[in-house]
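A.B. asks: Handing you this structure, nothing more for now.
Bear in mind these aren't lab numbers, they're just calculated from the coordinates by the rules spelled out. Model, not experiment: these values are computed from the prediction. Here the Cβ positions follow ideal geometry from the backbone for every residue, glycine too, while neighbour counts run over all protein chains shown.
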Amino acid sequence: QFSDTANTAGQALHLLQTVFGYPAFRSQQAQIVEHVAHGGDALVLMPTGGGKSLCYQIPALIRSGVGIVVSPLIALMQDQVDALAEVGVRAAFLNSTQSFDEILAVEKKMREGELDLVYIAPERLLTQRCLELLEIVEIALFAIDEAHCVSQWGHDFRPEYIRLSLLHERFPRVPRIALTATADQQTRDEIIHRLQLGNALQFVSSFDRPNIRYQIVEKANGRKQLLDFIQAQHNGDAGIVYCLSRKKVEETADFLNEHGITALPYHAGMELTERSRNQARFLREDGIVMCATIAFGMGIDKPDVRFVAHLDLPKSIEGYYQETGRAGRDGATANAWMAYGLQDVVQQRRMIDESDANETYKRVQGVKLDAILALCETLQCRRMHILEYFGQPSAPCGNCDTCLHPPTSFDGSVAAQKILSTIYRVDQRFAAGHVIDILRGIDTERVQQWRHTQLSTFGIGAEKSEAEWRALLRQLIAQGLVTVDYDNYSALILTEQSRAVLRGELKVQLRQYKKADKAVRHKRQS
Ligand code: ADP
Ligand code: ZN
């Protein structure tokens, strides 16, 4: 054990270079490592890919005894342990995928002091058997990874995490380091409170990824827009394209291949061997585009991913940030590009509504969806919006679409009134397509059938295209002026607030419509 500071710092740097092969610590890693190596508690908030693992791995090597890493990500444990073994760190894991013999073997090694790090799933750690084992071995530290899982309001709540406060009660002298990439103040407070980390030093890294350029465009023909974007800005580059469904993943990969772009599919419905093969090719070869569901990316570490594209709206800003964060890890310029449309909003809302989750969870998902919608519809800097969401105030960045090509806004009160009054006149019983047909004065069979040609609002919006009305409607949804009723065929319904707009008491500021294909043709960034 090292007591004096200079010595610990030297030791840490030495381990970083000789064991892990990196020349220098990043951002706050050095301070965190020193603090924990000296026995202090820490709360580390660092974005994905920021380098959280070394913050507990190196102190575990410096301190005597075994470092216990609590992690809910059972699927990653084998890889983590293999990667450590490769550099000569003695690591193992304990989780439900192992046979009893395997567990016995790990326990034996722990008792004999032959391990530097052990990854343990929380439900395993909390067993009587495991806690008794921990009483008799020397423990270097507890690392609580994905600490936001303790938050009931988060997207990843795990009830076992709440019981992890017993680590502090049963092992008061062992330092604890909690780590997460979710940094809003509420989650942070909850982690401190529930894990009894009141005395922990907090290390908050910047969430900004200045080399990533954010672009969110109006979706018309998503695949074609994606192709244009890749051909214009990313010929021969490695990238990831996220799609919501497995089918769309396959179709998008086929489509790109037909147009001369090497694309591979990746989703959980594929054979494991094929999936692994595609992943390996993506990592090893240059210029491959991976079309994937969000099943892809966890633990993927490829520095030169030049773009991440979303063909469907992500479920939350956290998800969007995590997925786009896989671009440009080498620090060179990279693009985060998304195409989104009204259909995305409808689809996501329906998925939340139709899921088997409990009401609280659904409500949280709804709030998260509203937040990402607001990001898509914002008239301000995208980066500012994202950073603000993570509790980090900033200024306009100059490197996102809204900074580079500021959208113009206009007083959309009249347009909003046209939509809202049409919704009202059809008794809030019809979906977007029908409402827009009425506005534009399109005489469809369905319009005939309901005698909607006779409504006073029939044709009052003939001056705008369907896409334009959809864009406006989306903004009204994002602003909470219209909601969608999924129990009733996605009918559009009014809200308390929308009545104020109808009465002329509330003005609505809307984004000027830009045609989709104009928005994607930026020059390649230099
Ligand atoms: P996180 O857990 O925060 O998402 P990781 O700990 O997995 O991030 O680290 C992300 C990548 O950055 C890994 O490949 C890791 O080896 C690398 N890395 C971390 N710290 C450094 C460093 N000081 N120098 C170079 N590479 C680093
Ligand atoms: Zn900006």
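A.B. asks: Specify whether the C-alpha gyration tensor of the stretch 332-468 places it in the rounded, prolate or oblate class, a ≥ b ≥ c being the square roots of the eigenvalues: rounded for a/c under 1.5, otherwise prolate if a/b is larger than b/c and oblate if not.
C.D. replies: It is oblate, given that a/c is not under 1.5 and a/b is not larger than b/c.
A.B. asks: Taking only complete DSSP H runs, can you tell me which helices of the chain stretch 20 Å or more along their own long axis by Cα positions and average at least 0.0 on the Kyte-Doolittle scale?
C.D. replies: 359-377
A.B. asks: In whole angstrom, and with the biggest value first, how far do the Cα coordinates of the stretch 85-174 range along each principal axis?
C.D. replies: Computed over the Cα atoms, the extents are 39, 27, 27 Å.
A.B. asks: While we're on this one: Can you give the extra length, in nm with one decimal, that the chain gains between residue 424 and residue 232 once fully stretched, where that is 0.36 nm per residue apart less the Cα-Cα distance?
C.D. replies: 64.7 nm
A.B. asks: Further question on the same structure: For the chain, with the dipole built from +1 on Lys and Arg beta-carbon atoms and -1 on Asp and Glu ones, taken about the Cα centre, which of 392, 172, 469 lies farthest toward the positive end?
C.D. replies: Looking along the dipole axis, the top candidate is 469.
A.B. asks: A further question follows. Count charges around residue 475 for me, please; just the other residues with Cβ under 9 Å from its Cβ, Lys/Arg as +1, Asp/Glu as -1.
C.D. replies: With Lys, Arg at +1 and Asp, Glu at -1, the neighbours total +1.
A.B. asks: With a ≥ b ≥ c the root eigenvalues of the C-alpha gyration tensor of the stretch 323-365, is it rounded (a/c under 1.5), prolate (a/b larger than b/c) or oblate?
C.D. replies: oblate
A.B. asks: Students often check this: by mean Cβ neighbours within 10 Å, which of 343-350, 489-496, 359-366 ranks highest, and how do the rest follow?
C.D. replies: Packing order, densest peptide first, comes out as 343-350, 489-496, 359-366.
A.B. asks: In debye to the nearest 20, how big a dipole does the stretch 158-290 give about its Cα centre with +1 on each Lys and Arg Cβ and -1 on each Asp and Glu Cβ?
C.D. replies: Dipole size: approximately 520 debye.
A.B. asks: Nothing charged except the Cβ atoms of Lys and Arg (+1) and of Asp and Glu (-1): what's the magnitude of the dipole of the stretch 465-505 about its Cα centre? Round to the nearest 20 debye.
C.D. replies: The calculated dipole for the stretch 465-505 is roughly 100 debye.
A.B. asks: How big, on average over all directions, is the shadow cast by the Cα convex hull of the stretch 395-468, in nm²?
C.D. replies: One quarter of the hull surface, i.e. the mean projection, equals 6.5 nm².
A.B. asks: Now for a different question. I'd like the Kirkwood hydrodynamic radius of the stretch 105-241, using the inverse of the mean 1/r over distinct C-alpha pairs, in Å.
C.D. replies: Evaluated over the stretch 105-241, this radius sits at 18.6 Å.
A.B. asks: Dividing the Cα convex hull volume of the stretch 227-343 by residue count, how many Å³ per residue is that?
C.D. replies: Expressed per residue, the convex hull around the Cα atoms of the stretch 227-343 is 104 Å³.
A.B. asks: Within the set 52/362; 368/418; 224/248; 219/248; 247/302; 248/464, which residue pairs have Cα atoms separated by over 19 Å?
C.D. replies: Violating the 19 Å Cα-Cα cut-off are 52/362; 368/418; 247/302; 248/464.
A.B. asks: With each pseudo-label sitting 7 Å past Cα toward Cβ, what's the residue 371-residue 276 distance in nm, one decimal?
C.D. replies: 3.6
A.B. asks: Here is a follow-up. Answer with one residue from 207, 227, 196: the one whose Cα lies farthest towards the positive end of the charge dipole of the stretch 196-240, charges on Cβ with Lys, Arg +1 and Asp, Glu -1.
C.D. replies: Comparing the listed Cα positions along the dipole, 227 ranks first.
A.B. asks: Here's something else I'd like to know. I'd like to know which of 84, 21, 43 lies farthest towards the positive end of the charge dipole of the stretch 1-88, counting +1 on Cβ of Lys and Arg and -1 on Cβ of Asp and Glu.
C.D. replies: In the stretch 1-88, that residue is 43.
A.B. asks: Counting just the Cα atoms, what span does the chain cover along each of its three principal axes? Round to the nearest Å and put the largest first.
C.D. replies: 85, 48, 45
A.B. asks: Testing the spin-label approximation: label points 7 Å from Cα along Cα→Cβ at residue 304 and residue 503. State their distance in nm.
C.D. replies: Using points 7 Å along Cα→Cβ, the separation is 6.2 nm.
A.B. asks: Let me ask something else. For the stretch 382-432, max minus min Cα coordinate along each principal axis, in Å, sorted largest first?
C.D. replies: Sorted largest first, the three principal extents are 44, 24, 15 Å.
A.B. asks: Still on this structure, I have one more. Using the Cα centre as the reference, give the magnitude of the dipole from point charges on the C-beta atoms of the chain (Lys, Arg: +1; Asp, Glu: -1; all else neutral), rounded to the nearest 20 debye.
C.D. replies: Using only the charged Cβ atoms, the result is roughly 1420 debye.
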